[in-house]
Structures are given as structure tokens and as C-alpha cells.
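I have placed the structure first, in the form of C-alpha cells, so that the comments after it can refer back to it.
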């Protein structure tokens, strides 16, 4: 068994964890640059926790400029074992209404201006993201959401767009009617891919704020309406997060779905051909398999 440490990456509207004991903001240096912000660490119900505001306090990072690699590395470096992503999203489904939450289990990645891997020339690796979120961790989030009185949809496909602009009407209809997506957001990728490369269990809780632009009765996305919905959703999100330590417990067995062993057969580059400089940058992310 290993010690559980829960990491929460908070998106728009969620900037803290209530009730943390021995709370401390910690600056973490990474080989991938500076994370979005310092990381709030402490314990909740006896379980260590870490909170990272994805956009930085004051919302200083756009979806494209978020330092995704530094964020995931910093959490791994602190000892985080389980990452819960909380983010805002738009809905493509009538029954997935603003104010509801969705437990994302699939993604379509349409981002194009972001670094998407810790690996590359000098140490090539291929991990599977066929199932990019952890069923065990998602199940705990589902219980926490129900206990918090949240209207939750378990399972959904998330269209990750580059942003920062919202969709055109044509794009919204394509993603909904042709591709069969359920929700749309700007930060789910490459975060989920990087978490898998870092052998972290990852669950995605998407808070619906709007109907994107496809809905005939709602018109274009209105940022003021989004912010109003975010305010209510943020309280729900905090209530969900507060319930997770009791559900996950202070100790954990190996992930039954192999998230914490994702690199077992992923490294392709021959040991004698690996770049020492890149290996040094991978000390936290891939130290388990690099020795």
C-alpha cells in the first residue's frame, strides 16, 4: 500500500479547498517551467491534499498558455497519487443542463498549440489513452457528487478545443450532431494525456455553464451568464471535493486499472540511446521506470 495524496486542479470558479488543515501555499520548481501558481497543500480528514488553480489566482492564464506539463510534474513531485480535474464546460445535450455536472470518460482532442507529451527525441514513449480517466477515481467522484446533492451525468465525451474563442455555430453543430460529443471545453487536453504519462490516476469533473451555440433557444455563449452559473457550481464543486478524502482513505492499493503503471511497456528508445538531459527532466514523471 502507498499513502493517498489527492491533487485537485481547479478551473474557472474554483480557487481553493475549504477546511484544509495546516494549509500552506508552496512554490514548486519543475524542469518544465513554472506551474500556473503556487500549490496549496494541507490535510483534509487525515488525507494529504494539494490544490492547484489551473489558470492561476486571478485567472492569468488562457487555456492555451496554461503550463500543463509543469502543473502535472509539480503535483507528481509533491507526491500526489490521484488527480481530480474540475473545469467549466458547455453542453451539447438538452438533458445536460447548466448547473449539472458530467463525469467525463472520453475526449476528442482538437487542440493544436500546446505541448502534449513529456517524452520526445531522446526518449520516446507511447502510453495508451484508450480509457483516459480512471474508473476507480471517477466512481469515488460520483459518490461524492451524489452525497453533495449534485445532478450528475456519469460518462460523457469531451471535445477539447483550442480557444480562447467559443465555437462557431457550424462547429457546435458538427461536434454535437456528427461527432456525438456531449460537452465542450478548453482545458481537458493535454492535461489528461500528461497525467497518464505521469502514471497518475485522473478523473474529470466538468461543470456545465451553458449550451455552447447550437441550442436554438439559447443563442450564442454569453460570458456573463457563464460567470453567474460558475458561482453556484463552484460551491457544488467544493462540496464534492470535501467528500473525497473520506471516500478514498489515507492508504491506497495499486490502481486496479493500471493507471499507476502506464509506463511499464511504453518506453521505446533503447537505454543506450536515451538523452541524459531529457532523462533528468523526467525524474519525477518517469522515475519509477527509469530507475
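Restricting attention to region 255-291 and to residues that are under 22 Å from the mean Cα position of the chain (by Cα) and free of Cβ contacts under 8 Å to residues at least 60 places away in the same chain, the residue that is nearest to residue 101 (Cα to Cα) turns out to be 258. A single member of 117, 167 is at pLDDT below 95 and in a loop (DSSP other than H, G, I, E, B), and it is 167. Total residues in region 129-148 satisfying the condition of being without any contact (Cβ under 8 Å) to a residue 12 or more places away in the chain and out of contact with any strand residue (DSSP E or B) (no Cβ under 8 Å at 6 or more places or on another chain): the figure is 2. Counting the residues of region 174-196 that are out of contact with any helix residue (DSSP H, G or I) (no Cβ under 8 Å at 6 or more places or on another chain), under 15 Å from residue 107 (Cβ atoms) and in contact (Cβ under 8 Å) with a residue 24 or more places away in the chain gives 11. Just to check your reading of the model, which residue among 217, 222 is surrounded by fewer than 16 Cβ atoms within 10 Å (Cβ to Cβ), at pLDDT below 95 and touching a strand residue (DSSP E or B) at 6+ places or on another chain (Cβ under 8 Å)? Answer to the check: 222. For region 86-112, the set of residues classified as over 14 Å from the mean Cα position of the chain (by Cα), assigned to a loop (DSSP other than H, G, I, E, B) and under 29 Å from residue 16 (Cβ atoms) consists of 96, 97, 98, 99, 100, 111, listed by residue number. If you go through region 59-70 and pick out every residue that is in contact (Cβ under 8 Å) with a residue 40 or more places away in the chain and touching a strand residue (DSSP E or B) at 6+ places or on another chain (Cβ under 6 Å), you end up with 1. Among the candidates 91, 36, the residue that is over 16 Å from residue 191 (Cα atoms), touching a strand residue (DSSP E or B) at 6+ places or on another chain (Cβ under 9 Å) and surrounded by 15 or more Cβ atoms within 10 Å (Cβ to Cβ) is uniquely 91. For region 120-154, filtering for residues that are closer than 22 Å to residue 182 by Cβ and assigned to a strand (DSSP E or B) leaves 3.
The values are calculated or read from the model by the stated rules, or taken from the named source; none is laboratory data. The structure presented is a predicted model; accordingly, all values stated were derived computationally and were not measured. FYI the Cβ positions are ideal-geometry reconstructions off the backbone, even for glycines, and counts take in every protein chain you see.
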